[in-house]
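Here the structure is laid out as structure tokens; the discussion comes afterwards.
Only the coordinates and a few stated rules stand behind these numbers; no lab work does. Source: prediction; values computed, not measured. Don't worry about glycine lacking a Cβ; one is built from the backbone with ideal geometry, like all the others, and counts go over all protein chains shown.
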Amino acid sequence: MAFVAFGSQAPAKDQNPTKGGRVALWLLLPGLFYLGLFFITPLISLIITSLKQPSLSGGIGRYDLGVEFGNYAYAISQYAPQIFRSFSFALLATVIALAISYPIAYFIAVRARDRPLLKGILLTLVVAPFFISFLLRTFAWKQIFSNDSFIVNVLKDVGIFGADSYIIGTNFAVVFGLVYNFIPFMTLPIYANLDRLDLRLVEAGSDLYASPATTFRKITFPLSMPGIISGTLLTFIPISGDYVVASRDFLGGPDTAMIGNVVEANFLRIQDYPTASALSVMLMATIVVLVSAYVKRSGTDDLL
Amino acid sequence: MAIDFVARGQDLELKGIRKEFPGFVAVDNLDLKIPAGEFFALLGPSGCGKTTTLRMIAGLESPTQGEILLGGKDIAGMKPHERPVNTVFQNYALFPHMSVLENVAFGIRQRKVAEPLPQAEKALAMVELEHLAQRRPQQLSGGQQQRVALARALVNRPSLLLLDEPLGALDLKLRRQMQIELKAIQMEVGLTFLHVTHDQEEAMDMADTVAVMNNGNIEQLGAPEVLYERPKTAFVAKFLGQSNIFIGKVAESNSETTSIDFNGKKITGLTSRSEKHSGKIAIGVRPEKTNFHEEEPAANSGLNILGPGEITDIRFTGVSNQYQIDIPNVGEITVFAQNVGRSPVIELGAKVFVSWKVEHSFGLADLPSGVEEEL
């Protein structure tokens, strides 16, 4: 369902169910096995854990099987701000990443279409951050934004910043880090879509009295919708669950924790497995609901 | 933006248009005048600059120099969306994310015309597709898409309609049918049509005036019959139909006839149908104007006679047969004979003479490419 947006939608055809069906089943088996082992099993395990109750023996980190729905209520009441913050950050970062990525993707795919060298260089630049580990890059930003860094000192000297201002640990730093890390995931699907854009349609638009701005709004943009949907999903979903950028070890502070950080803390430090699992299940369920509604509303069916 | 939309077509005039691309000149100093309401065809092989010319008129390319006048007004500096010109694109370029009706309504919506949808419906009715208005373009056949593209352009009542090989993607039968419909629509709406094509039959069939283009220049311009009967250059003689061409020095020229010496044989044409009357010139004749005979025809000053030669190839094309006749010292000659069931000779290898009337010869202004001009 939600992931239809990633692929081209081949119309479902009624084929001969006997022979073709059996071959298809055999071809599907490895995939189904993989899904069963690495997706369904952990998911069930997670749901079971989320319903456990504290062990009667009372040891820390020991839980017994149970049907304790109170874990969910507790997680929500305890971590509502983090849950809300996660989705707000994810939404904000996705929108900013889209605003930055679309012009980049458009330039590479459309303006640089006839210049293969320039196109290759620009695409390499988009992908280049991947050559360095995600953690290292985020850590590099921590240093750039740290309290005695050159940038912060200059901002203070110029007078934009007060003497006791800081960047690390603020909402700005976290959203900045999220946007920075996920721009390639937004740029590449949009690029892949715009690269196939038939420029003759744009010419037809201008021939039919549409100004460049109108042509973009009525033709280029709607036709690039599948790329935008893929890009926003590839950005929004991982950002909602991200636990690196917002952690205190990187760009975050005490007031920037997202669900990922809470889940990490509950699993690894507090050892409150049921609450952590309940949070994970809710995160997943919320993403599925949001994304389904989003894909349905954007009407990918109307596109090619 | 104030665009003057007129219900009838306007004159188009190109003055000294030149278009350079990096490394080559696509259109070289082109002058052209198309009167309002005319169906004008720009005919030429691929790469001759015809599509570039059309794109410059549409505003999709800008000329390196020259003026484009529409109804006396220079539009060369105008953006494509400001020009009262519409195009039917070669691949139709229908918007895949809109219904057929929305495609047709696109242009009039941009012009903020009141009630765009009823007008679009009327245009669709004109091309007999009103029942498919809610479909997507990709659900239509090639011929239907072509008609949608036509309706999308015509609904705007442009001063000038540009057609960029719009029938190229259709099969032969459908193409014939669309040619007839297109011509009928043009007569009905009275707009100026500029049709770009490499299909000589299509150009001759539909257009009032045909301009044959080659290497960025117009070789010859005129009514289809005139172009066919009196080609002036070797390119036109060969591109528009087929021709047998003979090259030789003028042996004799008076007010009536001009003759050349072609490898010792005399080939004659009318002086009035010859562009040049001295030096080395080319004289041609259309294959269907030639006849072949088993016996040598009696010598006659009104007849060019060549032969004997051997039939080396016979091709059956339905209404006529094409014969290749190899005459020693002359070369290959093509003869078309109507397939009326009384062809005198039909076997390969038969010895025949070829003749045609002097008044069917035409003298060209240039020599076919590859032939050196001798001094």
The set of residues whose placed amide H lies less than 5 Å from the amide H of residue A:252, leaving out same-chain residues fewer than 5 positions away, is A:169, A:247
Exposure proxy check on A:160, A:104: fewest-to-most Cβ neighbours within 10 Å is A:160, A:104
A correct Karplus calculation of ³J(HN,Hα) over the range A:207-216, with 6.51 cos²θ - 1.76 cosθ + 1.60, θ = phi - 60°, whole Hz and x for Gly and Pro, returns 5, 9, 6, 8, 5, x, 5, 5, 4, 5
With +1 on the Cβ of every Lys and Arg and -1 on the Cβ of every Asp and Glu, the dipole magnitude of the range B:242-363 about its Cα centre, in debye rounded to the nearest 20, is 340
Interchain or sequence-distant (5+) residues whose placed amide H lies within less than 5 Å of the amide H of residue B:320 are B:339
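In what sequence, highest mean first, do B:166-172, B:90-96 appear when ranked by Cβ atoms within 10 angstrom?
Highest-to-lowest ranking by the protection proxy: B:90-96, B:166-172.
With an 8 Å Cα cut-off and a minimum separation of 6 or more residues, compute the relative contact order for chain A in percent.
The normalised contact order for chain A reaches 27 percent.
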Listed residues B:294, B:229, B:13; largest mean-square fluctuation, Gaussian network over chain B with Cα springs below 10 Å, found at B:294
Computed over chain B: longest principal axis from alpha-carbon atoms vs helix B:142-154 long axis, angle to nearest 10 degrees, is 60
Listed by chain and number, the residues whose amide H is under 5 Å from that of residue B:213, excluding neighbours fewer than 5 places away on the same chain and using placed H, are B:43, B:44, B:219
CD proxy, 222 nm, the protein assembly as shown: helix-only mean residue ellipticity via -39,500 (n - 2.57) per DSSP H run with n ≥ 4, per residue, nearest 500, stands at -12500 deg cm²/dmol
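Which whole number gives the average, over all residues in B:215-226, of C-beta atoms from other chains lying within 10 Å of the residue C-beta?
Going residue by residue through B:215-226 and averaging, the value is 0.
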Quick calc, residue B:180 & residue B:263: beta-carbon distance into FRET formula, R0 41 Å, rounding 0.05, result 0.35
GNM on chain A, Cα springs under 10 Å; top mean-square fluctuation among A:91, A:233, A:117 goes to A:117
Those trypsin sites (Lys or Arg not before Pro) from the range B:1-95 that are DSSP loop and have at most 13 other Cβ neighbours within 10 Å turn out to be B:8
Of A:59-72, B:325-338, ordering from highest average Cβ density within 10 Å down gives B:325-338, A:59-72
Honestly the range A:74-302 on the Cα gyration tensor test (a ≥ b ≥ c root eigenvalues; a/c under 1.5 rounded, otherwise a/b vs b/c for prolate or oblate) is just oblate
To the nearest 10 degrees, the tilt of helix B:172-189 (Cα long axis) against the first principal axis of the alpha carbons of chain B is 60
Quick calc: nm separation of the 7 Å Cα→Cβ label points for residue A:84 and residue B:79 -> 4.5
Taking only the alpha-carbon positions of chain B as identical scatterers, the Debye log10 I(q)/I(0) at q = 0.09, 0.10, 0.13 Å⁻¹ comes out as -0.63, -0.75, -1.03
Check: C-alpha center the range B:113-132 vs C-alpha center the range B:244-303, spacing in Å is 57
Whole-Å distance linking the alpha carbon centroid of the range A:253-267 with that of the range A:22-62 is 24
Whole-Å distance linking the alpha carbon centroid of the range A:194-247 with that of the range B:157-179 is 33
Footprinting proxy, B:277, B:195, B:293, B:131: sorted fewest to most Cβ within 10 Å, the residues are B:131, B:277, B:293, B:195
Expected integer from the mean partner chain Cβ neighbour count at 10 Å over B:99-106 is 2
Looking only at lysines whose Cα falls under 22 Å of residue B:173's and that sit 8 or more positions away or on another chain, we get B:183
For the range A:74-302, the dipole about the Cα centre with charges only on Cβ (Lys and Arg +1, Asp and Glu -1), to the nearest 20 debye, works out at 340
Here the whole-number average of other chain Cβ atoms within 10 Å per Cβ of B:79-89 is 4
Burial-style ranking of A:199-209, B:240-250, average other-beta-carbon count within 10 Å with highest first, yields A:199-209, B:240-250
In debye to the nearest 20, the charge dipole size for the range B:12-229, taken about the Cα centre with +1 at each Lys and Arg Cβ and -1 at each Asp and Glu Cβ, equals 880
Among A:103, A:78, A:286, the residue whose Cα sits farthest towards the positive end of the charge dipole of chain A (+1 at Cβ of Lys and Arg, -1 at Cβ of Asp and Glu, taken about the Cα centre) is A:103
Neighbour-count ranking for A:229, A:259 (other C-beta within 10 angstrom, fewest to most) reads A:229, A:259
For residue B:312 and residue A:28, extending 7 Å from Cα along the Cα-Cβ vector and measuring point to point gives, in nm, a value of 6.6
Relative contact order in percent for the range B:242-363 (Cα pairs under 8 Å, 6+ apart) equals 30
1/(1 + (r/R0)^6) with r = Cβ-Cβ of residue A:157 and residue A:91, R0 = 25 Å, i.e. FRET efficiency to nearest 0.05, evaluates to 0.10
